[in-house]
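Q: Just passing along the structure, written as structure tokens.
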Amino acid sequence: MRNIHQIKLHYLVCCLIVFQLFSCKKDELTDPEPLEINNISDIEMRDSTALSIEYDIITASYVTPADPSERDLLTDAEKVLGTPKYEGRHVVQMVNDNGVIDADIEMMNFEGMPDYPKKALLGDEIPSAFETDRIEVRAGQYQFYNSSGDKVSTQYQSPEDIAFFNSILSDFREKVMLSNQEMDYMITALEEIGFEAQTSALDSQVEVLEYSFADGRATKLYFDKQLQEIVAREQYDAEGELRFVSGFIHEPSPSGEAPKLVSHHYITFFDSPFSGVKMAIKKSSSIKNLTIQTN
Amino acid sequence: MYYTTKKVFIMKKAVLLSNLLLVLAISLHAQNNSPETRNTLWLDGLSTTSKGWDETPRDLKNIYNYDLFNIISLGGLPGSVYQPGLGTFDAADELASHLGDYENVLGIGHDFGGLVLRGMADGTNNLSAIVLCGVPNQGSKGIEMAIQSTGVDGKSDAQWLIEGVEAITDGYDCEDGCNMVDLFSTWIDELEANEAIFSEMLPGDAPGGDVINTLNQEANLPQIPHAVFWGSVEEFSITSFLNSIYFPNSNVDHITQCYVDNLNAWKEEINDERREERWDAVFGLFNDIKGGIRDLSTEGISNPWSAISSFAEGTIESVRTWLNANNEHDAEMERILRCEAANQLLAINWQLELMKAESVETGTVQQGWVYDNTCEDECAETVGYSNWIAFRQCIVDCEDNQEPIPNMVTYYVTEENDGLLNANEQMLEGGAFPPYHLFNTNHFQETSLYHKPGEALAPLLPQAFEDLFDGSESAAFCVPKQ
């Protein structure tokens, strides 16, 4: 029976695997400078805090033609959607042992983010009085504040999110790493379950697992045999059209080190009724400067 | 000492005469310096595009102490003398025929009301000066988009826009109680239902833009002094614009609040989903499957292959449940992303339409390489999205080969507008003084004495009227204080 300290140590290791630090690929370039944080978080680790996480996250949202060569076919409004919109956040989050979170989230402009003027048409215009400058989460209640410190919105941590944290805190899990032989067993088992398995022609370390539903839909999973985890998922409709992509990108690390998580991407599609062009809606995020503490 | 009766009589007469002279002098002085009540004529815009002047003339009189008389009011002319439904020129003629009893009338018009004033401003009646507030002096591209039929099916560009947005969100419940698209659609339908009158606000270069064309002919420009008040919003938001239409007397922006609540909920939902997905990728079902395989291989089974079938059979339901759950999660993410894009397209299209009279201007801003999206675009073009490994490899290769030079991002620049009329559409040359800018004021707020733009400490319109009524710019607009 593992003791609580071993469990927490393993949990810390697992979290480091899950949210790995981002580092620059080129020697001559470095991560964005540390941020000037306007509001110091006043939440602290308490006895009831199981996990403390601090990180920066930058999300870019934009819509472009699925085939960029069709850009000239777009209407002016669709071209505007292609202007990337960025949101940067500095997050300090405490997960309590009941799964409920406290957090301070500050909206940040990071080094390198474009500084659009006020007159820029981006399509996400909200009066500044309603723009979120800071989010305070206390016992699962989200309070959104504008730059004047006025409350503009209230949300609540969803029961699913509380259950998620409850699960990861109370249900100890360790990442299983299989041998090559065991990996072959697993691929066979997945084929028995109903997946079609094929090694990727572009990367022999990746097994592409496709599951077809009775109604014609299909899910394609990309299983990285080196990381031994799913790195991407694609959903296809009954007509075989790609509908949705969710994927993580890792970058190779110096020999001996595990590949590092770089970014996450959501991509979905719609056929524009205005230009007739198939459009890709993209939301890409990268997490940086991550620190984790357990209690 | 005594006075004879005669002398007393003469003295009394002299005192009386001097008192009379004194009273006369005072009276004359008062007459020479007493302000004359200014007759004013306040003309509302059409109800779908104007809140109307409402209590503005009353409050200017009773609160701001201007000595003005609203000639369409109790004690003056009945409201029926102003009939916008007659059209600009007929309504102008009708009103002008009733001005005979009132001298030196200052007309103040909003929206369509200003066009009617322009129809009266030929110098042949008692209208002596006009104030044009948020008036489509050059027509309105927004109105054109709303009502002008394009194509054989008779739908306007705005109706096509709404249909397109609804097509994107068809089958994806996007409204979440805010009904932004529905509200916009209802407003467009109201404009379209009154096409005959709103067509008088079409730009001069549009088919049917006869009224504006006629008004702007040299001979028909105002023959009396005119002043322009024009509005613009620094941060146009279609939700705030709709709120002004549907909640005209509220200080609370209900529609924007609802929209922001939804947006915030969507963002947090995306964050939650991403976090759970990451966890699941590492420790979820497939980790359990690996654990099961590990257990099989460590049990010392001589032929694990045969055990795999049993293992697989026992795992099928879990896998199907997991796959279906992921389908649901992905469908929810798809819904959120589509709804967001559709709402943005509605707002962008409306803004671009207001700018159509001018060329669409673009600018560029520097973007650091670490947040460069060009690799995504390049890889979308070269390898597409339907093979994640190819896409991923392309991204990594592209970023490895990128020069560390910040690239430029192109953005579109909005023209100043009040949500319905752009700045140029509100202008009319030859004004008695430079146009007065009602900053951070949308079209429906231009008639309110209580609208405070942005961080302003005081409402803007009272100040505008004060500057106008003190007569320092032009005596034609003088309205005395009580």
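A short reminder: the numbers here are calculations on the coordinates, not readings from a lab. In this text the structure is predicted, and so the values were computed from the model without any measurement. With ideal geometry, Cβ positions are generated from the backbone for all residues, glycine too; neighbour counts draw on all protein chains shown.
Q: Along the Cα→Cβ direction, 7 angstrom out, place labels at residue B:364 and residue B:173. What is the inter-label distance in nm?
A: Distance between label points: 4.6 nm.
Q: Can you tell me the relative contact order of chain A? Whole percent, Cα pairs under 8 Å, sequence separation 6 or more.
A: Here the relative contact order equals 22 percent.
Q: What FRET efficiency comes out for the pair residue B:288/residue A:139, r = Cβ-Cβ distance, R0 = 25 Å, nearest 0.05?
A: 0.20
Q: Residue separation times 0.36 nm, minus the C-alpha to C-alpha distance between residue B:196 and residue B:210: what's the value?
A: Separation in residues times 0.36 nm, less the Cα-Cα distance, equals 3.8 nm.
Q: With r defined as the distance between the Cβ atoms of residue A:179 and residue A:115 and R0 fixed at 45 Å, what FRET efficiency is calculated, to the nearest 0.05?
A: FRET efficiency, residue A:179 to residue A:115: 0.30.
Q: How far apart, in nm, are two points set 7 Å out from the Cα along the Cα-to-Cβ line at residue A:160 and at residue B:318?
A: In this crude label model, residue A:160 to residue B:318 measures out at 2.2 nm.
Q: With charges set only on the Cβ (+1 for Lys and Arg, -1 for Asp and Glu), what does the dipole of chain A come to about its Cα centre, in debye to the nearest 20?
A: 240 debye
Q: Other chains' Cβ within 10 Å of A:141-148 residues: what's the mean?
A: Across A:141-148, the average partner-chain Cβ count within 10 Å equals 1.
Q: Same structure, new question: List every residue whose amide H lies under 5 Å from the amide H of residue B:46, counting only residues 5 or more places away in sequence or on a different chain, with H placed 1.01 Å from N in the peptide plane.
A: Counting only residues 5 or more places away or on other chains, the set is B:112, B:113.
Q: Once you have the Cα-Cα distance between residue B:149 and residue B:424, take 0.36 nm times their residue separation minus that, and quote the gain in nm to one decimal.
A: Full extension from residue B:149 to residue B:424 adds 96.6 nm.
Q: Let me ask you something else. Given H placed on each backbone N at 1.01 Å, which residues far from residue B:361 in sequence or on other chains put an amide H within less than 5 Å of it?
A: Correct list: B:413.
Q: Can you compute the FRET efficiency between residue A:98 and residue B:325 using 1/(1 + (r/R0)^6), with r the Cβ-Cβ distance and R0 = 22 Å? Round to the nearest 0.05.
A: The computed FRET efficiency comes out at 0.40.
Q: If each DSSP helix of 4+ residues adds -39,500 (n - 2.57) and the sum is divided by the residues in the protein assembly as shown, what number results at 222 nm, nearest 500 deg cm²/dmol?
A: When only DSSP H runs of four or more count, the value is -11500 deg cm²/dmol.
Q: Which residues' amide hydrogens lie under 5 Å from the amide hydrogen of residue B:107, considering only partners 5 or more residues apart or on another chain, with H built in the peptide plane?
A: Answer set, sorted by chain and number: B:41, B:128, B:129, B:130, B:131.
Q: Quick test of the membrane-span-like rule: which DSSP H helices of chain B reach at least 15 Å along their long axis (C-alpha atoms) with mean Kyte hydropathy at least 0.5?
A: Span-like helices in chain B: B:5-33.
Q: Follow-up. Sorting B:89, B:433, B:236 on the 10 Å Cβ count, fewest up front, what's the list?
A: With the sparsest Cβ surroundings first, the list reads B:433, B:89, B:236.
Q: Using the structure shown, select from B:51/B:155; A:79/B:267; A:119/B:61 the pairs with a Cα to Cα distance greater than 29 angstrom.
A: Exceeds cut-off: A:119/B:61.
Q: Moving on to the next point. Rounded, prolate or oblate: which fits chain A, taking a ≥ b ≥ c as square roots of the Cα gyration tensor eigenvalues, rounded meaning a/c under 1.5, else prolate when a/b beats b/c?
A: Oblate shape, in that a/c is at least 1.5 and b/c is the bigger or equal ratio.
Q: A further question on this structure: Might you report the magnitude of the Cβ-based charge dipole of chain B about its Cα centre, with Lys and Arg at +1 and Asp and Glu at -1, to the nearest 20 debye?
A: Dipole of chain B, to the nearest 20 debye: 3660 debye.
Q: Could I ask something else about it? Kindly put B:135, B:181 in sequence by how many other C-beta atoms sit within 10 Å of each C-beta, fewest to most.
A: B:181, B:135
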